[in-house]
Each structure stands twice: as structure tokens, then as C-alpha cells.
Amino acid sequence: MSTRRMFTIGGMAIVIMLILEIAFVHPHVYFWWHGFNGFDFLLGLLGSLLLLGLAKGPINWLVQREEDYYERGEDKP
């Protein structure tokens, strides 16, 4: 599957989810921020982007090791 097609499908899914979020807002909100149309959608989207950014950036830097990490000490008796 091409990158362009994946972005198109992802964009369509985001638009559909946003429309569903706005169309089916519960009339009796429990917290004040649930009264904003699309808040739950944006919270989920930004949270997933934050997790993706952390996984690709600082967390990857902390856990990634060199290729010979486990073989370095084998030649010593």
C-alpha cells in the first residue's frame, strides 16, 4: 500500500471520527470540558501523537543499543 493511500485513508478516518464526535455529543455533561464539541476526539488525537513522538524521540534514545552491545565482552576470559 502506498504512503499516499495510507494518508488518505487515515485522513478520512479522522474526519469521520470528528463528525461522529460532533454529531453525538451527550446533552448532560459531567465535566465542563465535555461540553466542547470534539474535545474527546482532540484529546485522544493529541495523546496518541504525544505517545508516538515520545516513542520515536527520547524513549528510543534511552533504550536503543549498539549492534554489538551483547557481543562486546565475550572475547575476555
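The values are calculated or read from the model by the stated rules, or taken from the named source; none is laboratory data. All values reported here derive from a predicted model rather than from experimental measurement. Every residue, glycine among them, receives a Cβ derived from its backbone with ideal geometry; neighbour counts consider all protein chains shown.
Which one of these does F24 not meet: (1) among the hydrophobic types (A, V, I, L, M, F, W, C); (2) loosely packed, with under 10 Cβ neighbours inside 10 Å; (3) modelled with pLDDT of 85 or more?
(3)
I'd like to know if region 22-40 contains one or more residues that are outside any helix (DSSP H, G or I), of a type in the set (V, I, T) and out of contact with any strand residue (DSSP E or B) (no Cβ under 9 Å at 6 or more places or on another chain).
Yes.
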